[in-house]
Amino acid sequence: MAPKFGTSGLRGLVTELTPDLVAAHIHAFAAACPMGSGIWVGRDLRPSSPALAEVVLSAAQAAGLATVDCGAVPTPALALAAMQAGAAAVMVTGSHIPADRNGLKFYTPLGEITKAHEAAILAALPRPAPADPAIHGPARRQAAGVGAAWRARILAAFGPQALAGMRIGVWDHSAVSRDLLAETLAGLGAEPVPLGRSETFVPVDTEAVSDQARAALAGWAPGLAAILSTDGDGDRPLLADGTGAVIPGDILGQITAAALGAEIVVTPVSSNSGAEASGAFGRVIRTKIGSPFVIAAMEAAGGKVAGYEANGGFLLGFAAQGPAGMLAPLMTRDSLLPLVAVLAEARKAGGLSALISRQPARFTATDRLENTPPEATGPLLARLTADPAPLLAGLAETEAARDLTDGLRLTLASGRVLHLRPSGNAPEFRLYAEAETPAAARALLEAARAAVAARL
């Protein structure tokens, strides 16, 4: 699949992310979007990221920008530091996708690029060949403490006893956030237990956790209050309870929003309906899938607004009061806040299982069909939208209502939900199921996945 640029940034196979292509996008970004005091650059731990980060830094220097090399840091930590410095940022990461692919995420001094920024960058391509950075570019500097500031924001808001007495596993794998997660837990009074560290890149999708990963979590769980982790670049959380059962990201989001006193929540149509059913919020706004859509709706809503996605990424749109201090807004997808907020609530509730049992009985399960190019998934979605009855008949379900906000979302006569859509940033077809129990959601998902795969 050729590299693709959109509001999730630039993504593609490493072999196709050539220096000329990457430099052209950096020059277009610099020409089309506000840069503020310069550009800050971070990267994840996949093998191709250091070389791609060097291309980004050199291209930014060639464009005449003050450049700051932040090294290997989580995406939300980079965004937080750059916004505080009034600077733009580029994160070199492929997020949760395999190591043979990579990408760039773009931030203006105000946060993630918008759809308008996306259009402006595309219009600015291609840019002229860059000048010699040794002659025209300002000196590059290194930034220390970017990850520490991300951690300190949470420690100041929750305090040193927030997780006291909890023994919590940290699934390290190859997440760039892994050491910061353990340091944060220790700073909150918990005992972090390192698990599954890998020096080979492991693609972890927190929205579609693999059976292999679920088995590993279950094996590690005895003796632990919880296990936490993130995806590769640290903007999506993963949390499992004391049995190793993964808690869906949208449940993490609704608990976090309520704990922080949000009055309005914004979440995509793929999140479960628990926010509405809980009665905890004055208003629930649904959007298309993707953080730019969530951010746009949050900005339009104003007030005490929070946003979250089904992958667990949480966005805070107001200055919230934590147990020990104020928590500054961060309008980009974050993993650390929902992990800590939910664990702190679980400690007060007597454990994660007790906390989850108090939530509305709406549970989601998600999976994907990988290596499915748009030329196959687009026509498939069109056929299913025109007539979903044969697919649903095989699942012993019938359609009660539909939502075409983003893909095909079917509310079924049983009260369950099936949502189908091609991924916007990877050659994948996404499937979402919602039901009254985790087992029912998983069963519906597995049956739908098999039926859809047979039609591709």
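Couple of notes before you dig in:
- A search for C-beta distances below 7 Å between a residue of segment 443-454 that is at negative phi and any residue that is part of a helix (DSSP H, G or I) and surrounded by fewer than 17 Cβ atoms within 10 Å (Cβ to Cβ), counting only pairs 6+ apart in sequence or on different chains, returns 451/394.
- Subset of segment 86-107 that is part of a strand (DSSP E or B) and aliphatic (A, V, I, L, M) - its residue that is surrounded by the fewest Cβ atoms within 10 Å (Cβ to Cβ): 87
- Candidates 76, 126 - the one that is out of contact with any His (no Cβ under 7 Å at 6 or more places or on another chain), assigned to a helix (DSSP H, G or I) and assigned by TED's automatic domain parsing to the domain that holds residue 34: 76
- Residues that are touching a Pro at 6+ places or on another chain (Cβ under 9 Å) and either surrounded by fewer than 24 Cβ atoms within 10 Å (Cβ to Cβ) or on the phi > 0 side of the Ramachandran plot (or both) do occur in segment 78-85.
- Against the numbered list (1) part of a helix (DSSP H, G or I); (2) in contact with a strand residue (DSSP E or B) (Cβ under 7 Å, 6 or more places away or on another chain); (3) at pLDDT 95 or above; (4) not acidic (Asp, Glu), residue 441 comes up short only at (3).
- Residue 261 being more than 21 Å from residue 228 (Cβ to Cβ) and in the same structural domain as residue 316 (by TED's automatic domain parsing): yes
- Residue pairs meeting the criteria (Cβ under 6 Å; at least 6 apart or on separate chains; first modelled with pLDDT under 85, in segment 370-381; second surrounded by fewer than 17 Cβ atoms within 10 Å (Cβ to Cβ)): none
- Hits in segment 184-220 - residues which are surrounded by fewer than 16 Cβ atoms within 10 Å (Cβ to Cβ) and part of a helix (DSSP H, G or I): 186, 211, 212, 214, 215, 218, 219
- On the stretch given as segment 384-405, residues that are closer than 20 Å to residue 456 by Cα and either of a type in the set (Gly, Ala, Ser) or assigned to a loop (DSSP other than H, G, I, E, B) (or both) total 7.
- Members of segment 228-274 found to be touching a Phe, Trp or Tyr at 6+ places or on another chain (Cβ under 6 Å) and either free of Cβ contacts under 8 Å to residues at least 60 places away in the same chain or surrounded by fewer than 24 Cβ atoms within 10 Å (Cβ to Cβ) (or both), listed by number: 229, 265, 267
- Candidates 368, 333, 430, 409, filtered to the one that is assigned by TED's automatic domain parsing to the domain that holds residue 287, assigned to a strand (DSSP E or B) and either surrounded by 15 or more Cβ atoms within 10 Å (Cβ to Cβ) or under 19 Å from the mean Cα position of the chain (by Cα) (or both): 333
- For the residues 306, 296, 280, the requirement of being in contact with a helix residue (DSSP H, G or I) (Cβ under 6 Å, 6 or more places away or on another chain), surrounded by fewer than 21 Cβ atoms within 10 Å (Cβ to Cβ) and in contact (Cβ under 8 Å) with a residue 24 or more places away in the chain singles out 280.
- Tallying residues that are under 23 Å from the mean Cα position of the chain (by Cα) and either in a strand (DSSP E or B) or farther than 18 Å from residue 210 by Cβ (or both) within segment 444-456 yields 0.
- Among residues of segment 237-251, those that are of a type in the set (Asp, Glu) and either more than 18 Å from residue 267 (Cβ to Cβ) or modelled with pLDDT of 95 or more (or both), counted: 1
- Residue match in segment 169-178 (condition: part of a strand (DSSP E or B), of a type in the set (Gly, Ala, Ser) and out of contact with any helix residue (DSSP H, G or I) (no Cβ under 7 Å at 6 or more places or on another chain)): no
- Exactly one residue out of 94, 64, 36 is at pLDDT below 95, at positive phi and not assigned by TED's automatic domain parsing to the domain that holds residue 337, and it is 64.
- From the options 265, 284, residue that is under 20 Å from residue 335 (Cβ atoms) and not in a helix (DSSP H, G or I): 265
- Flag if residue 198 is modelled with pLDDT of 95 or more, assigned by TED's automatic domain parsing to the domain that holds residue 227, under 22 Å from residue 248 (Cβ atoms) and of a type in the set (Ser, Thr, Tyr): no
- Residues of segment 221-258 that are assigned to a helix (DSSP H, G or I) and either polar (S, T, N, Q) or not assigned by TED's automatic domain parsing to the domain that holds residue 272 (or both): 254, 256.
- The set of residues in segment 312-350 that are among the polar types (S, T, N, Q) and closer than 12 Å to residue 254 by Cα is empty.
The values are calculated or read from the model by the stated rules, or taken from the named source; none is laboratory data. Just so we're clear, the structure is a prediction, and the values are computed from it rather than from any experiment. Reconstructed Cβ throughout: ideal geometry from the backbone, glycine too, with neighbour counts over all protein chains shown.
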